[in-house]
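A.B. asks: First, the structure itself, so that you have it in front of you.
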Amino acid sequence: MDSQTALDLFRKTGALLDGHFVLTSGLHSPNYFQCARVLQYPWYAEQLCTVIADHFQSAKIDVVASPAVGGIVVGQEVARLLGCRAVFAERVDGRMVLRRGFEFDKGDKVLCVEDVVTTGGSIGEIIDLARTIAEVAGVACIVDRSGGKAEFPLPFFAVLRMNIETYNPADCPLCKRGIPAYKPGSRNLQK
Ligand SMILES: [Zn+2]
């Protein structure tokens with residue numbers, strides 16, 4: 001799947017919206033992206049995760065590790081395609097930890113998987129966690145929207161790299177054109 005096909009899939013499922021949005025950060029943007037909206041269709045999740053699984057097929061991965069909550073679906077599907085285990089880490093008291101009886105075994109080859117990489121912080125913590133006992137073979141995500149800021153000392157693969165423009169409300173060209181801004185997740189239109 002090429003980048004354009006992935007983008008078409010995001011638009012078709014409403015994972016990528018075009019318009020004028022107020023993001024959680026308070027910044028304005030001509031786009032809104034919510035990866036879960038494409039992943040809610042298991043057949044599209046399979047198509048996107050196949051690109052990741054194919055990329056790491058020869059790496060002989062033993063376990064896919066992902067951060068809860070967003071990474072779980074992608075981690076599970078990539079592991080299914082690779083025929084290996086999937087575990088997820090959760091944030092407890094500010095730290096990513098394995099719970100629920102999940103563990104890395106000595107010598108495991110681990111693939112760290114996320115739905116969307118923004119800063120790479122959570123994945124970085126999972127890499128550190130896995131490396132205490134296992135070997136980390138790489139990092140993969142559906143969308144890298146870090147604009148190149150997320151870097152790992154490992155092979156890093158993204159199905160799509162996407163830069164979403166943001167503006168301070170005072171400088172927003174869409175506001176200047178009088179286009180109403182929509183806050184996703186709320187029913188209120190912001191003036
Ligand atoms: Zn605006």
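A.B. asks: Yes or no: region 130-145 includes at least one residue that is modelled with pLDDT under 95, surrounded by fewer than 23 Cβ atoms within 10 Å (Cβ to Cβ) and within 19 Å of Leu9 (Cα to Cα).
C.D. replies: Taking every residue of region 130-145 in turn, at least one turns out to be modelled with pLDDT under 95, surrounded by fewer than 23 Cβ atoms within 10 Å (Cβ to Cβ) and within 19 Å of Leu9 (Cα to Cα).
A.B. asks: Out of (1) more than 16 Å from the ligand (Cβ to nearest atom); (2) surrounded by 13 or more Cβ atoms within 10 Å (Cβ to Cβ); (3) under 30 Å from Leu27 (Cα atoms), what's the single condition that is false for Pro184?
C.D. replies: The number of the failed condition is (1).
A.B. asks: Follow-up. For the condition touching a helix residue (DSSP H, G or I) at 6+ places or on another chain (Cβ under 7 Å), more than 28 Å from Val63 (Cβ to Cβ) and modelled with pLDDT of 95 or more, what is the one hit in Pro169, Pro173, Pro180?
C.D. replies: Only one candidate qualifies: Pro169.
A.B. asks: Exactly one condition in (1) over 20 Å from Ile133 (Cβ atoms); (2) away from the ligand (no atom under 16 Å from the Cβ); (3) touching a residue at least 12 places away in the same chain (Cβ under 8 Å) is false for Ala65; which is it?
C.D. replies: That leaves (1) as the condition not met.
A.B. asks: Do we have any residue at all in region 157-173 that's touching a residue at least 60 places away in the same chain (Cβ under 8 Å), over 17 Å from Val69 (Cα atoms) and in a helix (DSSP H, G or I)?
C.D. replies: Yes - at least one qualifying residue is present in region 157-173.
A.B. asks: Please state which of the following conditions Arg99 fails to meet, knowing it meets all the rest: (1) under 23 Å from Ala150 (Cβ atoms); (2) without any contact (Cβ under 8 Å) to a residue 12 or more places away in the chain.
C.D. replies: Every condition holds for Arg99 apart from (1).
A.B. asks: I would also like to ask the following. Looking only at region 147-164, filter to residues that are within 21 Å of Val38 (Cα to Cα) and out of contact with any Asp or Glu (no Cβ under 8 Å at 6 or more places or on another chain); which one of those is farthest from the ligand (Cβ to nearest atom)?
C.D. replies: Phe157
The values are calculated or read from the model by the stated rules, or taken from the named source; none is laboratory data. These numbers come from a predicted model, not from an experiment. Neighbour counts are summed over all protein chains in view; Cβ atoms, including those assigned to glycine, are modelled from backbone coordinates with ideal geometry.
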